[in-house]
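Notes to accompany the following structure.
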Protein chains: 2
Amino acid sequence: MQPPPAEPGMREEEVDTPALLLDLDAFEANLDAMAALLAPTGVRLRAHAKTHKSPVIAALQAARGAVGQCVQKVAEAEVLAWGGIRDILVTNQVVGARKLARLAALAAIAEVGLCVDDPAQVAAAEAAAEAAGRRLRVLVEIDVGMGRCGVPAGPPAVALAQRVAASPHLIFAGIQAYHGRAQHLRAPEERAAAIGQAIEAARRTVEQLRQQGLACPIVGGAGTGTFLLEAASGVYTEIQAGSYVFMDADYARNQEAPPFRQSLFVLATVMSVAGDGICVVDAGHKAVPTDSGMPLVAGRPGLIYAGASDEHGKILVQDGPRPALGEKLRLIPGHCDPTVDRYDWYVGVRRGRVECLWPVAARGAMA
Amino acid sequence: MQPPPAEPGMREEEVDTPALLLDLDAFEANLDAMAALLAPTGVRLRAHAKTHKSPVIAALQAARGAVGQCVQKVAEAEVLAWGGIRDILVTNQVVGARKLARLAALAAIAEVGLCVDDPAQVAAAEAAAEAAGRRLRVLVEIDVGMGRCGVPAGPPAVALAQRVAASPHLIFAGIQAYHGRAQHLRAPEERAAAIGQAIEAARRTVEQLRQQGLACPIVGGAGTGTFLLEAASGVYTEIQAGSYVFMDADYARNQEAPPFRQSLFVLATVMSVAGDGICVVDAGHKAVPTDSGMPLVAGRPGLIYAGASDEHGKILVQDGPRPALGEKLRLIPGHCDPTVDRYDWYVGVRRGRVECLWPVAARGAMA
């Protein structure tokens, strides 16, 4: 683990770089905004910890009404459970006896669930739960348009749910119906069309399950780009948004972008001004991953982060003065989730001062 | 830090995933091959630790004749120095008083150098070295075609070198002349043309420095894609290749690719076979960064890793049987450097058995 790049009380300009900066006012406003948006719908928030990887942030979400957390990985579930979170859903298949044993062990201290899309996964989860002497909650994942994981909606989902329900150490808890690709469709009507299909697939599956006597306490899915659609559906019961706490450059490119503020930044230092019309910062793609495009320079639209190598970011000065050598710039990450996972520490800032250092406790928790 | 995904003696199939696998036979063959290729040239190897981030690997390179290590970051230099490496060059500008103080402190236990491309950097390095009561070696970086850092070759470099030489706590040690972009030009003639220009720029600068009475014990640069050109130049004295120990899918796309074996893999597990004609593995772009393209599936040309989301890799089954649920696949990373930096452990394997677990000691060392 790397030493923290700052201490409480420092001015932001004193923070060593690259650093993962969290603007606490914007972050708290986002927490409040999500709670306010969901309150009238009656739909629950089960926030996704794949984004923040922090029991501290999970607790702040719980304090505003989140019923639990989602994770993608067993190792993330461990960090949350050991950090005091008591309701955790792995929104993913868990394959491998070692992973399943670790997950089942967590059921001693938390409500724990996972997803399945294959009968063999049901059998393996049952065996792990039985060995641990615990019960695991299981959601059947249906493919609602991503073409990735999940069985088809309708009868295949019902058949798999019946296997779950027939397993003595498993509890059939509902369906997982997440459409990840829809989050980043740019036009609102494209997102509405994609989520409309997801809603119909979920509705049909829930209805067919009900006909077989299987209730769905959880119909889970939705992300920061579409959650208002799922929340208004009358079908989804839990919203799994994660990025809303931070936002990023890619979500900001959505037309009618999500109603949240940018709270997450990578603070970088200008390390070279030797080239004509450029400056170079000390944050390349190791510091600010580019899978969803280049970062933006906050508050400086004339500065274009045009190229990321491992440890260098090349910034074109298209308008305004060139930043000085040693000047610190706030970068808006292209994609918040992998960016957070690069760092050991959040540096929480408010009104120009460092207020807190929170560990990114599940950094690298890929197992 | 995450727990290791394996124990010595395990079979490879038992390793938990995602895991960073190092094929020790191929890795050692690469170490030997580089030593053999450079021996007749008389040019020294100063291997780049930005790739491997490991004092263990640095020591193995030293045992085969490497004179020292390169790093990009002060935090990497610390990990190497505290791990026993005694000659370390930061092939990069170091900007910020805190970073410079940390680097100067290392000069108590190692030969330490850094690069400059601005007079203000020279003054700051001199101040830090004086405060520490140490001397730092300084290379002047020249831009040999990347358009990133570095002063122009010739008179601007000479002027900066004279400033260094006039600084009582700095030692002018030569020039840094690295052409990163040239490493991945596909055609050998393109690489030769780019490096030919770099060699001429370096030659001219060395000659002009000599006329001013400034010798260049180090003329450093070159990477895995071009090092034979620099080594044959009669100008470069140190080769800074890093990736040769591991290789990756991007280097393999070069025509007349570097003469090294693929030794680095990400081991992944098939976690879903629910979709038609696909399987999904538990390694997305958090586990195998895609900045230089998608990973390949080792030994399975009919399997196309076609899409990476945060924690999922979607593999199209174009030819041959679909892998079974739970089957483990070796992925060849698109780009070795950022992939290594995602992991806490190397899992060294030989003939199907885990032989060692080496920490990626400078994982996340971005400061």
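Among the residues of region B:324-367, which ones are of a type in the set (Gly, Ala, Ser) and over 29 Å from A:PRO4 (Cα atoms)? Give the steps one after another, and end with the answer.
Taking region B:324-367 as the starting set, the residues that turn out to be of a type in the set (Gly, Ala, Ser) are B:324, B:326, B:334, B:348, B:352, B:361-362, B:364-365, B:367.
Hits for region B:324-367 are B:ALA324, B:GLY326, B:GLY334, B:GLY348, B:GLY352.
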Based on what the data block shows, is B:GLY213 in a loop (DSSP other than H, G, I, E, B) and within 14 Å of another protein chain (Cβ to nearest Cβ)?
-> no
Out of (1) in contact with a strand residue (DSSP E or B) (Cβ under 8 Å, 6 or more places away or on another chain); (2) hydrophobic (A, V, I, L, M, F, W, C); (3) without any contact (Cβ under 8 Å) to a residue 60 or more places away in the chain, the one B:ALA268 does not meet is (3)
Count - residues of region B:229-246 that are surrounded by fewer than 22 Cβ atoms within 10 Å (Cβ to Cβ) and outside any loop (DSSP other than H, G, I, E, B) = 1
Taking B:LEU228, is it within 26 Å of B:GLY352 (Cβ to Cβ) and either in contact with a Leu (Cβ under 8 Å, 6 or more places away or on another chain) or within 14 Å of another protein chain (Cβ to nearest Cβ) (or both)?
-> no
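Taking the conditions exactly as written (within 18 Å of the chain's Cα centre (by Cα), at pLDDT 95 or above and facing chain A (nearest Cβ under 10 Å)), does B:VAL74 satisfy them or not? Show your work before the answer.
Values: within 18 Å of the chain's Cα centre (by Cα): yes; at pLDDT 95 or above: yes; facing chain A (nearest Cβ under 10 Å): yes.
So B:VAL74 fits the description; yes.
Residues are listed down the side, and each one gets a yes or a no for (1) in contact with a strand residue (DSSP E or B) (Cβ under 7 Å, 6 or more places away or on another chain); (2) within 12 Å of chain A (Cβ to nearest Cβ); (3) surrounded by 24 or more Cβ atoms within 10 Å (Cβ to Cβ):
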site	(1), (2), (3)
B:GLU141	yes, yes, yes
B:MET146	no, yes, no
B:PRO155	no, no, no
B:LEU160	yes, yes, yes
B:ALA165	yes, no, no
B:PRO168	no, no, no
B:ILE171	yes, no, no
B:ALA177	yes, no, yes
B:GLY180	no, yes, no
Unmet requirement for B:VAL347, which otherwise passes all of (1) part of a strand (DSSP E or B); (2) touching a Cys at 6+ places or on another chain (Cβ under 7 Å); (3) more than 7 Å from chain A (Cβ to nearest Cβ); (4) not aromatic (Phe, Trp, Tyr) | (2)
Residue in region B:324-331 that is closer than 30 Å to B:ARG191 by Cβ, more than 10 Å from every other protein chain (Cβ to nearest Cβ) and part of a loop (DSSP other than H, G, I, E, B) present | no
Run A:ASP16 past the list (1) outside the structural domain of A:ALA173 (by TED's automatic domain parsing); (2) at positive phi and report the number of the one that doesn't hold.
-> (2)
Which number in (1) more than 10 Å from chain B (Cβ to nearest Cβ); (2) surrounded by 23 or more Cβ atoms within 10 Å (Cβ to Cβ) marks the one condition that A:PRO18 misses?
-> (1)
Could you check B:PRO258 against (1) closer than 30 Å to B:GLU141 by Cβ; (2) in contact (Cβ under 8 Å) with a residue 40 or more places away in the chain; (3) not aliphatic (A, V, I, L, M) and say which number it fails?
-> (2)
Looking at region B:114-135, is at least one residue in contact with a Gly (Cβ under 9 Å, 6 or more places away or on another chain) and more than 13 Å from chain A (Cβ to nearest Cβ)?
-> no
B:ALA249 being crowded, with 22+ Cβ neighbours inside 10 Å and small (Gly, Ala, Ser) | no
How many residues, within region A:280-318, are over 21 Å from A:ARG342 (Cα atoms) and either at the interface with another protein chain (Cβ under 10 Å from one of its Cβ atoms) or surrounded by fewer than 24 Cβ atoms within 10 Å (Cβ to Cβ) (or both)?
-> 8
Checking A:ALA194 against (1) in a helix (DSSP H, G or I); (2) farther than 19 Å from A:GLY150 by Cβ; (3) small (Gly, Ala, Ser), which single condition isn't satisfied?
-> (2)
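The values are calculated or read from the model by the stated rules, or taken from the named source; none is laboratory data. Computed from a predicted structure; not experimentally measured. We place every Cβ from the backbone using ideal geometry, glycine too, and count neighbours over all the protein chains shown.
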